Amino acid sequence: MRMSEPRVAPLSDEELPASVRETFGDGPILNIFRTLAHHPDLMKRWLVFGNHVLSKSTLAPRERELVILRVGWLCRAGYEWGQHVPIGLASGLTQQEIDRIPQGSKADGWSEMDRALLDATDELHGDSFVSDSTWARLGDLDTQQ
């Protein structure tokens, strides 16, 4: 991973704005939200987007987590990886699949759709573009996905 400490530290309980504490109530507040709390208005809007991606997306949870974990690996984002490994396991990924995400689509054992998702993720990360050949392999997904 690239960093052992964040550049923007998550806010402590004492530093959290009242509006942020009200948003979460008595529940735990993850570090991602404690960091976004430096800008409470942005955090509130991020919650809407994040909730949609994690809870309301039409992409199956397993496939969503496969892509999120691949992005986390490519970005060497230790926090993202650490948060999403348990979510991935709960969403249907096996530990063996998670262990081979760093190898990408070339690793043995992926389905054709998994390979296409991993290739699309790598292409978007590397070039901000999905090639025609990879796009065609994603043909079983609908436009929202």
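The values are calculated or read from the model by the stated rules, or taken from the named source; none is laboratory data. Everything numeric here is computed off the predicted structure, so don't read it as measured data. Counting neighbours? That spans all protein chains shown, and the Cβs are built from the backbone with ideal geometry, glycine included. These accessible areas exclude ligands, DNA and RNA; they are computed on the full protein's heavy atoms, side chains included. Shrake-Rupley method; radii C 1.70, N 1.55, O 1.52, S 1.80 Å.
With a cut-off of at least 1 residues that are modelled with pLDDT under 95 and open to solvent by 50 Å² or more (accessible area, probe 1.4 Å), name the helices (runs of 4 or more DSSP H) lying wholly within the range 1-84.
Values: elements: 18-24, 31-36, 40-51, 61-74.
Output list reads 18-24, 31-36, 40-51.
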| request: Would you confirm whether any residue within the range 34-52 is in contact (Cβ under 8 Å) with a residue 24 or more places away in the chain and either in contact with a Gly (Cβ under 9 Å, 6 or more places away or on another chain) or farther than 30 Å from Ser12 by Cβ (or both)? | output: no
| Hey, any hits in the range 27-42 for a residue that's charged (D, E, K, R) and either closer than 24 Å to His125 by Cβ or in contact with a Leu (Cβ under 6 Å, 6 or more places away or on another chain) (or both)? | yes
| Out of the range 115-145, which residues are closer than 21 Å to Glu97 by Cα, among the charged types (D, E, K, R) and over 17 Å from the mean Cα position of the chain (by Cα)? | Arg115, Arg137
| request: Please work out which one of (1) in a loop (DSSP other than H, G, I, E, B); (2) more than 16 Å from the chain's Cα centre (by Cα) is the condition Gly92 fails and give its number. | output: (2)
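Could you grab me the full set of residues in the range 102-120 that are hydroxyl-bearing (Ser, Thr, Tyr) and surrounded by fewer than 16 Cβ atoms within 10 Å (Cβ to Cβ)? Give the derivation first.
Here is the first cut: in the range 102-120, the residues hydroxyl-bearing (Ser, Thr, Tyr) are 105, 111.
Across the range 102-120, the qualifying residue is only Ser111.
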